[in-house]
1. Kindly evaluate residue 18 against the criterion of being under 19 Å from residue 78 (Cα atoms) and among the basic types (Lys, Arg).
2. Determine which member of the set 420, 461 is of a type outside the set (S, T, N, Q) and either assigned to a helix (DSSP H, G or I) or touching a Pro at 6+ places or on another chain (Cβ under 7 Å) (or both).
3. Which of the residues belonging to segment 434-458 are free of Cβ contacts under 8 Å to residues at least 40 places away in the same chain and either buried (at least 16 other Cβ atoms within 10 Å of the Cβ) or assigned to a strand (DSSP E or B) (or both)?
4. Give segment 151-160 a look and list any residue that's open to solvent by less than 10 Å² (accessible area, probe 1.4 Å) and more than 14 Å from residue 133 (Cα to Cα), or say none.
5. All but one of (1) closer than 26 Å to residue 422 by Cβ; (2) open to solvent by less than 50 Å² (accessible area, probe 1.4 Å); (3) small (Gly, Ala, Ser) hold for residue 395, so report the exception by its number.
6. Checking the structure you have, find out if any residue of segment 63-78 is of a type in the set (Phe, Trp, Tyr) and within 20 Å of residue 111 (Cα to Cα).
7. Residue by residue through segment 564-584, note down the ones that are of a type in the set (A, V, I, L, M, F, W, C) and either farther than 15 Å from residue 287 by Cα or open to solvent by less than 10 Å² (accessible area, probe 1.4 Å) (or both).
8. Confirm whether residue 39 is modelled with pLDDT under 95, small (Gly, Ala, Ser) and under 30 Å from residue 164 (Cα atoms).
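The values are calculated or read from the model by the stated rules, or taken from the named source; none is laboratory data. Not measured: the values here are computed from a predicted model. Positions of Cβ are backbone-derived with ideal geometry, glycine not excepted, and every protein chain shown enters the neighbour counts. SASA here: full protein model, heavy atoms, side chains in, ligands and nucleic acids out. Shrake-Rupley method; radii C 1.70, N 1.55, O 1.52, S 1.80 Å.
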Amino acid sequence: MQREGVNPNKYTFVSVLKACASLGELEEGMRLHKHITDGECEIDVFVGSSLVDMYAKCGRIDDALEVFNEMPVHNVVSWSAMISGCVKCGQAEKALGLYKQMRQEDVEPDNVTFMAVVNACASLEALEEGRHLHSEIILYSYDSDFFLASSLVDMYCKCGSIEDASRIFNKLPAHDVVSWSAMVAGYVKCEESEKALQLFQQMQKERIAPNSVTFLGALNACSSLPSLKEGRRIHACVIQSHLEVDTFVGNGLVDMYAKCGSIEDACRVFNHMSTRTLISWNAMILGYGLHGLGYEAVKLLEQMCEEVGEMNDSTFVGLLSACSHAGLIDHGHYYFESMAPVYDVLPTVRHYTCLTDLLGRFGLLDEAEELLNGMCCEPDVWVWTALLGACRVHGDLERGERAAKQVLLLDPDCSSGYVLLSNIYADAGKSNTSAYLQQLRKSRGVHKQPGCTWIEMNDELHAFIANDKEHPQLKEIWEKLSSLSKQMEEAGYSPSEQIVPSDAHELVEERSSCYHSERLAIAFGLISTPPGSPLYLWKNLRVCRDCHIATKFISKIVGRRIVVRDCNRFHHFKDGSCSCRDFW
C-alpha cells in the first residue's frame with residue numbers, strides 16, 4: 001500500500017496494530033507507532049486504544065500506560081485494553097486500581113472490561129472483590145454472557161469458593177471444556193478430589209473432550225487422594241487423546257505416579273518426555289525424595305546441571321528432602337552450603353527446615369539449633385517444629401522446651417507443639433507435667449488430628465481409624481489381625497515399648513498399637529485381594545515405630561509388597577525389610 005503511494009489513515013493503523021498485537025511483533029508495532037507520531041495522524045481514542053493493546057500484548061506494560069496517559073480522552077475500549085494488558089502482564093492489583101479509577105470517571109464497563117477484571121480477581125484470589133464485581137455484572141445484565149459466566153466459575157474456584165462456582169456452573173445453558181476444567185481444578189483446590197474425579201467422569205460421559213488443563217486437574221486429584229488405579233485410567237485417556245507428548249500433562253503424570261506410590265512409572269514417563277521443563281526435573285527429584293531415593297535424586301540433579309543449567313528453590317527443597325529421607329548428611333550439607341555460591345539460589349525457610357530435619361535425625365541438635373539461630377530469614381513454625389520433633393526422638397527436654405515455646409508463639413493453635421512436648425515430659429518421667437500440658441491444650445480448644453489410613457478397593461476408598469468399630473467387615477479384619485499376631489510372635493516380633501512416633505506431625509494418642517489404623521487397613525487389604533498382589537495404603541500421619549516393625553514382619557509372612565505413604569514419605573515393605581532402611 002505504501003509502495004503504491006497510498007497514505008494510511010487511522011483505520012489502517014488500527015488494523016495493522018491489531019495484527020502486530022496478535023503476532024507479538026513489538027518492533028513492527030514500535031515502527032508503526034513512530035510512523036503515526038511522525039505523520040499527521042491524530043492519536044485519537046481508537047488509535048490510542050490499539051497502541052495500548054499492542055504494547056500490552058507484547059509485554060510492554062509501561063509503554064502501554066504511557067500511551068494511555070497521553071490520550072486526551074478515554075472510552076470503555078481504551079480502559080478495557082489497559083486493564084486487560086495489566087492482567088496479561090501479571091499486574092492484577094494495578095488492573096483493579098484502574099477499574100476503580102474508570103468507575104470514578106463514570107465510564108460504564110462492558111463484557112470485555114468485566115472479563116479482564118474477573119481474571120484479575122482470580123489471579124489475586126480476591127474473593128470479596130470478585131463477589132462485588134459479580135453483583136455489578138448482574139446489575140449491567142451481563143450475567144447471561146456465556147464466556148463471562150465461565151470466567152466467574154474460574155474466579156470462584158481459584159478463590160476457594162466452590163459453592164459459588166458450582167451454582168453458576170449448574171446454571172450455564174451448556175458447558176465447554178473451559179468451564180469443566182475450571183470446576184475440576186476448583187474441587188482439587190478445595191480438597192474435594194473425589195468430587196473432582198466424579199466431575200471428570202461426568203464430563204467424559206457427556207462426550208466433552210478434555211484438554212491438557214482438564215487432564216492436569218484430574219491428575220492432581222489422583223495425587224491428592226491418592227488413587228493409583230484412577231491415575232492409570234486417566235493416563236490411558238491421555239494416550240487416547242494424543243496428549244502424551246504435551247509437557248504440561250507429562251509433568252502431571254510424573255507427579256501423580258510419584259505421589260501415588262509408583263516411582264517406576266514416574267521415572268518411565270519422565271524418561272520418555274521429549275521436552276522437559278524445570279517443573280519436570282523438580283517433580284522427578286521430589287518424587288525420588290518421597291520414596292527415600294536420595295542417591296537417585298543427587299544423580300538426577302547432576303544430570304540436570306549438564307542438560308538444563310537452571311534451578312530454583314523448589315529444586316533444592318526436593319533434593320534436601322531426599323537427602324533427609326535417605327540419611328545423606330554429607331550430601332545435604334554440601335548442597336545446602338552450595339546453593340547461593342554455586343547455583344545462585346538463595347536459601348529460604350523451607351531449605352532450613354529440610355536441613356534442620358536432617359541434622360535432627362542424626363542427633364546433631366546443637367548444630368540444628370545453631371542453624372536456626374543464624375538463619376538469613378525469619379524462622380517459621382515448621383522449622384521450629386522440625387527441631388522439636390528431633391528433641392522428642394533424642395529426649396532433649398531443655399531444648400525441647402525452647403523449641404516448643406517458639407512453636408506456640410508462632411502458632412498457638414499448633415497441636416504438635418503441645419503433643420510433642422507432652423511426650424518429651426512423659427519419657428522423662430514427668431507424667432504430671434505431661435498431663436497438665438494435654439489439659440492446657442484441650443482448655444485452649446486446640447484439637448489433635450486423628451490418625452486415619454485409606455486403602456483403595458474395587459474403585460472405592462476405605463478409611464480406617466484406630467480401634468475402628470464401624471467397618472462392615474470388622475469381624476473378618478480382627479480375625480485376620482489375630483491370626484497375623486500369632487504368626488508374628490512365632491517369627492520373633494514383640495511390641496515396641498515406644499509407640500508414640502518421633503515425627504513432628506504425628507498426633508497419635510492410642511497406647512495400644514495392635515489396632516492402629518494402618519494395621520486394620522492392611523488386614524482388610526489381605527482379606528480382599530488375591531494372594532501375592534501388592535497393597536497400597538495412605539496415612540495422614542507418620543507411621544508409628546511399632547506399626548513400622550510389624551509391617552515388615554507382615555510383608556514377609558504373607559509374601560506381599562506393602563506400600564505405605566504417610567505424611568512424610570513412602571515406605572516400600574518387602575520380604576521383611578523397608579525401603580527406608582529404618583531411617584525416617
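1. Working: under 19 Å from residue 78 (Cα atoms): yes; among the basic types (Lys, Arg): yes.
Yes: the conditions hold for residue 18.
2. Details: 461 fails: either assigned to a helix (DSSP H, G or I) or touching a Pro at 6+ places or on another chain (Cβ under 7 Å) (or both).
When all the criteria are applied, what remains is 420.
3. The answer is 434, 437, 438, 441, 446.
4. If the condition is that a residue be open to solvent by less than 10 Å² (accessible area, probe 1.4 Å) and more than 14 Å from residue 133 (Cα to Cα), then 157 is the only one that fits.
5. Among (1) closer than 26 Å to residue 422 by Cβ; (2) open to solvent by less than 50 Å² (accessible area, probe 1.4 Å); (3) small (Gly, Ala, Ser), residue 395 violates only (2).
6. Among the residues of segment 63-78, not one is of a type in the set (Phe, Trp, Tyr) and within 20 Å of residue 111 (Cα to Cα), which makes the answer no.
7. Step one: filter segment 564-584 for residues of a type in the set (A, V, I, L, M, F, W, C), giving 564, 567, 570, 573, 578, 580, 583-584.
Within segment 564-584, 564, 570, 573, 578, 580, 583, 584 qualify.
8. Values: modelled with pLDDT under 95: yes; small (Gly, Ala, Ser): yes; under 30 Å from residue 164 (Cα atoms): no.
When the stated conditions are applied, residue 39 does not pass them.
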